[in-house]
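Report on the structure given below.
The values are calculated or read from the model by the stated rules, or taken from the named source; none is laboratory data. The structure displayed is predicted, hence computed values, not measured ones. With ideal geometry, Cβ positions are generated from the backbone for all residues, glycine too; neighbour counts draw on all protein chains shown.
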Amino acid sequence: MLVTLEGIDGTGKSTLLTALRERLADLDPVFTREPGATWVGESVRRAVAEQIDPITEATLFVADHAAHLATVVRPALAKGKLVISDRYSDSRFAYQSITLEGVIPNPEGWLRAMHNGWSIVPDKTFLLVIPVDDALSRLSTKSGREHFEHKEILEKVQNRYLEFARAEPDRFVIVDALLDKDEVARFVAEAIRQMVAHGRKQKRK
Ligand code: TYD
């Protein structure tokens, strides 16, 4: 089973992940992330830091996804593991459809086509949603911002995410990231636990 966590920068995804590691330890999940689950992630980080051209950046994110699937996600799913990924393909569809705006026609269509035929669609995606001003104030304590971490961009990225959630209501679960962090963690952990239990029951049938 593949579960992904998505949301703009500053929603508290990292805090949630730390809590899920503890709360779901008995399920022995494989925790992973994009970018950076393999060495390909290094080139992505460099591309982001150097603000290289947006097509190079986008294709490197896709390359990172391919390496991630090949070396981490597919092998784990083949063993029947629960895989929880901090960011995944929806990050590309949300962020790069904005960074490629005006660079190529129909960025989202181009990005989705690049994933077609080989990528794996998550079983469930938890989308952490927060007012952009709150996200930015959480980020302001960190030194230096990536070029994504600006108000107009994050507004647009979050709107893309929300459109995806409306288009695929069965896959997406929207989580209010302003709630107390323990409450968020309890809710997400419980939802994953129920999915796993339900999945096992289906298999026994
Ligand atoms: P991440 O490592 O999650 O952020 P952090 O700096 O908190 O560790 O992701 C780095 C940035 O890359 C983040 O701003 C989101 C962006 N990103 C994309 O633009 N496209 C993608 O496909 C992915 C996976 C991330």
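Annotation: VAL3 fulfils all but one of (1) within 13 Å of the ligand (Cβ to nearest atom); (2) under 29 Å from ALA189 (Cα atoms); (3) of a type outside the set (Phe, Trp, Tyr); (4) not in a helix (DSSP H, G or I); the unmet one is (1).
Return the residue satisfying two criteria in turn: it lies in the stretch 10-47 and is basic (Lys, Arg), touching a residue at least 40 places away in the same chain (Cβ under 8 Å) and over 15 Å from VAL73 (Cα atoms), and of such residues it is farthest from the ligand (Cβ to nearest atom).
Going through the qualifying residues, I end up with ARG23.
GLU168: within 22 Å of GLN51 (Cα to Cα) and among the acidic types (Asp, Glu), yes or no? No; evaluated as a whole, the condition is false for this residue.
Counting the residues of the stretch 107-140 that are loosely packed, with under 14 Cβ neighbours inside 10 Å and assigned to a loop (DSSP other than H, G, I, E, B) gives 6. For the stretch 88-101, the criterion of being more than 23 Å from VAL3 (Cβ to Cβ), more than 9 Å from the ligand (Cβ to nearest atom) and free of Cβ contacts under 8 Å to residues at least 60 places away in the same chain is met by at least one residue. All of ASN106, ASN159 fail the test of being among the polar types (S, T, N, Q), over 18 Å from the mean Cα position of the chain (by Cα), farther than 30 Å from THR71 by Cβ and at pLDDT 95 or above, apart from ASN106. Determine which single condition ILE84 fails, assuming it passes every other condition in (1) more than 13 Å from the ligand (Cβ to nearest atom); (2) within 26 Å of ARG166 (Cβ to Cβ); (3) assigned to a helix (DSSP H, G or I). Single failed check for ILE84: (3). Test TYR95 against the stated conditions and say whether it is closer than 26 Å to PHE31 by Cα, of a type outside the set (D, E, K, R) and touching a Ser or Thr at 6+ places or on another chain (Cβ under 7 Å). It is false that TYR95 is closer than 26 Å to PHE31 by Cα, of a type outside the set (D, E, K, R) and touching a Ser or Thr at 6+ places or on another chain (Cβ under 7 Å).
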